[in-house]
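Here is the structure we will look at, set down as structure tokens.
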Amino acid sequence: MSTICPYCGVGCKLRVNGKVIPENYVTNRGIMCVKGATLLDTLDSGRVTYPLQDSKEITWSEAKEIISRKLKKILRIKGSLGIYIGAQIPTEDQYLTVKLGKGLLGTPNFDSNVRLCMASAAHSLKFSFGDPSPTASYDEIERAETFFLVGVNPASNFPVLWTRIISRRRKGAVVIVVDPVTTDSALQADIHVKIKPGRDIVLLNSIASVILDSAKIIPEGFEEFREIATMFPPERVSQLLGVDKNVIISIAKRIMESKTIFMWGMGVNQTYRGVDTGILISTLAMITGNLGVPGTGVLPLTGQHNSMGAREAGALAGMLPGLRYVNNEQEVREVEDYWGIPRYSIPRSYNTITDMYKLMEERKIRALWIIGTNPVISLPEASKFKDLLSYLDLVIVQDSYLTETAREADIVLPAATWSEREGIHTAGDRTVGYLSKLRNPPGEAKPDWEIVRELGVAMGFELEYRSVEQIFNEFKELTRGRMDDISDMTYDDLKYGHRWPNNQSVIQPRLFRTKGIEYETDLEIETNNLFIITGRTKMHWNTRSRSSKSWLLSSLGQDDYIFLGQEECSKLSVESGEEVEINTNEGQIKALVKCVDWVSNNTAFMPFHWGRANRIMDWRADPMSKEPAYKMLRAFVRKA
Ligand code: SF4
């Protein structure tokens with residue numbers, strides 16, 4: 001039996017037969033990484049198997065009665081319910097929650113945890129090309145001649161794609177990495193441009209200025225972009241960037257003269273200028289002809305295996321199923337009509353999790369329903385978020401594992417996990433795949449769609465679905481005629497993977513749009529202040545709810561440190577193994593130090609898996625996508 005790996009957006013297909021082996025599938029071509037290989041170790045420990053109230057087992061009937069009674073009372077006050085859902089669950093389950101939350105309950109407070117990872121990329125793609133989707137698929141890796149990677153470390157976070165990139169490099173392709181940290185990817189790249197956090201915009205404008213210098217015709221609408229970009233010639237910015245001007249010129253020439261794929265990741269998305277930076281990268285693809293032909297395109301890499309499905313299901317705040325948007329009245333009406341609900345049932349305004357946090361502080365949100373995500377570890381100001389939960393009238397956590405967030409809940413609902421439920425997902429390159437059920441969930445755990453349906457029915461709504469396939473059939477009709485159209489697909493078809501639109505690997509965008517993007521001077525950092533870049537490590541995944549259950553991953557991935565450059569260690573008079581105190585406006589933590597040579601002066605790297613870093617992270621975010629700037633935390637560090 002086969003199914004798809006539940007970790008990252010590569011979406012590897014795996015054969016499971018007492019052990020896990022990779023299949024030769026459209027996204028992974030017979031390769032997998034250690035996380036996929038250890039999946040069977042993660043199924044039994046730390047699971048929630050029965051509904052819990054204040055940590056005590058209760059029956060499903062009791063859980064539903066308590067929740068529906070309390071929610072009915074809370075919902076008398078408009079806007080008092082928040083729903084926050086993870087992108088680890090199948091598309092059908094997300095879709096049904098969207099229908100109940102945004103459509104039937106009409107709450108404006110509904111967001112996906114994709115807000116924390118891909119919101120900036122989705123915004124920039126929508127702005128540049130008219131759709132929030134990549135123009136290239138993973139197939140183009142084997143056709144590309146140059147890989148231009150900004151703020152992404154596939155060697156660590158997308159090992160299957162990296163194996164393919166490196167094999168292409170052996171055949172002559174060039175790998176360019178832009179990253180403030182000497183990551184595993186940077187170490188193996190042909191060119192590593194190491195710049196300070198926040199200066200991507202200077203570098204990208206400068207590369208554009210070289211390209212525009214030799215361009216004979218500038219497309220209509222690109223005048224403002226040209227005006228700004230040409231203010232950043234390499235000779236002028238090379239000192240600010242600490243990069244030789246010839247390096248900038250040679251990068252520009254390389255992407256002009258070769259088939260280039262542009263990839264980016266959290267190093268771009270999780271900054272104050274994530275959307276603008278994404279637009280700049282997309283513009284480089286536009287002005288160098290790297291769109292719509294094999295071996296080219298833009299392909300931001302997706303951290304969660306169903307982050308794209310979250311967009312299709314409409315789980316992100318501001319979105320609706322079929323890649324529709326709440327700010328498009330016609331699109332909202334299409335969904336209302338399809339669901340058969342009265343006009344204006346779906347709120348025309350929306351709040352992201354960033355806004356919902358403030359509404360919790362203001363005591364306007366009184367109940368929070370958290371599905372398949374662990375915000376007590378992953379959100380900024382994580383400790384305060386945990387405190388805020390205690391002031392709510394009702395906290396429902398629906399999860400497969402007893403996470404740090406589940407421990408704070410009034411009611412915990414046990415959910416099925418990987419290999420225990422059926423459904424679909426969409427990999428980061430638009431490949432929709434089928435998720436098989438290979439075993440029964442433990443105890444009384446159920447697939448998320450069943451839990452959502454039962455709670456909806458308990459609250460008096462008609463949600464008479466008998467199978468997940470019935471939800472799939474309803475959902476896919478909402479994609480008919482849309483970019484993500486899978487309306488003619490069946491579960492059997494999707495077992496082989498289907499890339500929308502029309503199984504196209506490369507998309508010719510329907511829109512080419514850009515704007516001038518100015519550089520705002522760097523954030524000041526004072527003596528002994530550092531930029532802390534938070535991120536993932538090779539052996540763990542997000543908040544470790546699943547990966548910590550694997551003995552192998554846990555024993556190999558013990559990186560709960562702050563990683564400081566050698567120069568910084570000398571400045572602070574600390575050595576590896578000693579402790580430092582890290583202070584920000586949000587609080588103070590202590591962490592053990594590792595002195596390394598891959599982090600530059602004035603920066604530090606801290607994995608977020610263990611929850612330490614996000615306790616002192618602030619809520620500053622990209623103004624358009626509202627994605628928190630996890631990569632740019634300013635902190636004062638001293639020896640403890
Ligand atoms: S973690 Fe990602 S790369 Fe590794 S097996 Fe799973 S889907 Fe593939």
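The values are calculated or read from the model by the stated rules, or taken from the named source; none is laboratory data. All values reported here derive from a predicted model rather than from experimental measurement. Don't worry about glycine lacking a Cβ; one is built from the backbone with ideal geometry, like all the others, and counts go over all protein chains shown. When the accessible area is computed, the model is the full protein with side chains, heavy atoms only, and any ligands, DNA or RNA have been set aside. Shrake-Rupley method; radii C 1.70, N 1.55, O 1.52, S 1.80 Å.
Rounded, prolate or oblate, given the Cα gyration tensor of the range 119-298, with a/c below 1.5 counting as rounded?
Working: a/c = 1.33, a/b = 1.19, b/c = 1.12.
Rounded, because the longest to shortest axis ratio a/c is under 1.5.
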| request: Would you work out what percent of the accessible area of the range 1-42, with all protein chains in place, is carbon or sulfur (probe 1.4 Å)? | output: 52
| field | Lys19, Lys571, Lys495, ranked by accessible area, largest first (probe 1.4 Å) | value | Lys19, Lys571, Lys495
| Among Lys64/Lys99; Lys78/Lys126; Lys19/Lys259, which pairs are too far apart, with a Cα-Cα distance over 29 Å? | Lys78/Lys126; Lys19/Lys259
| What figure in square angstrom, to the nearest 10, would you give for the accessible area of Met1 with a 1.4 Å probe? | 130
| message | Please report the carbon-and-sulfur percent of the accessible area for the range 119-298; probe 1.4 Å, protein heavy atoms only, DNA, RNA and ligands left out. | response | 50
| query | With the contact rule set at Cα under 8 Å and sequence spacing of 6 or more, what percent relative contact order holds for the range 524-581? | reply | 22
| message | Sequence gap at least 6, Cα distance under 8 Å: using those rules, report the relative contact order of the chain to the nearest whole percent. | response | 21
| Folded to 0 to 90 degrees: helix 468-477 orientation relative to the chain principal axis, Cα | 60
| query | What is the spin-label model distance, in nm, from Ser345 to Ile191 if the labels are put 7 Å beyond Cα along the C-beta direction? | reply | 5.4
| request: Output ³J(HN,Hα) for the range 591-596: one whole-Hz value per residue in order, computed from phi by the Karplus curve 6.51 cos²θ - 1.76 cosθ + 1.60 with θ = phi - 60°, and x for Gly and Pro. | output: 8, 6, 9, 10, 8, 9
| task | Just tell me which aspartates and glutamates come within less than 13 Å, Cα to Cα, of Lys72; anything on the same chain fewer than 8 places away is out. | result | Asp393
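Between the DSSP loop rule and a limit of at most 12 other Cβ atoms within 10 Å, which GluC sites (Glu not before Pro) in the range 412-463 are left?
Loop-located and lightly packed - Glu462.
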| message | Rounded, prolate or oblate for the range 306-424? Axes are the square roots of the Cα gyration tensor eigenvalues, ordered a ≥ b ≥ c, and the cut-off for rounded is a/c under 1.5. | response | oblate
| query | Full extension from Met231 to Ile77: what is 0.36 nm times the residue separation minus their Cα-Cα distance, to one decimal in nm? | reply | 50.2 nm
| message | Give the lysines reachable from Lys495 as a straight Cα distance under 17 Å; neighbours fewer than 8 places away on the same chain don't count. | response | Lys13, Lys437, Lys476
| said: Report the gain in length on full extension from Lys590 to Arg363: 0.36 nm times residue separation, minus Cα-Cα distance, nm rounded to one decimal. | reply: 78.6 nm
| In nanometres, what is the gap between the two model label sites at Tyr496 and Trp598, each 7 Å from Cα along Cα-to-Cβ? | 4.0
| query | Rank Asp622, Asp410 by accessible area, highest first, at a 1.4 Å probe radius? | reply | Asp410, Asp622
| Within straight-line cross-link reach of Lys590, lysines at Cα separation under 30 Å, skipping those fewer than 8 residues along the same chain | Lys35, Lys194, Lys196, Lys358, Lys384, Lys386, Lys538, Lys549, Lys571, Lys626, Lys631, Lys639
| message | List the residues, sorted by chain then number, that are 5 or more residues from Val596 or on another chain and whose placed amide H is less than 5 Å from its amide H. | response | Leu564, Gly565, Gln566
| task | Determine the order of Asp213, Asp111 by accessible area, beginning with the largest, at a probe radius of 1.4 Å. | result | Asp213, Asp111
| query | In whole percent, what relative contact order does the range 529-639 give with Cα contacts below 8 Å and a gap of six or more residues? | reply | 40
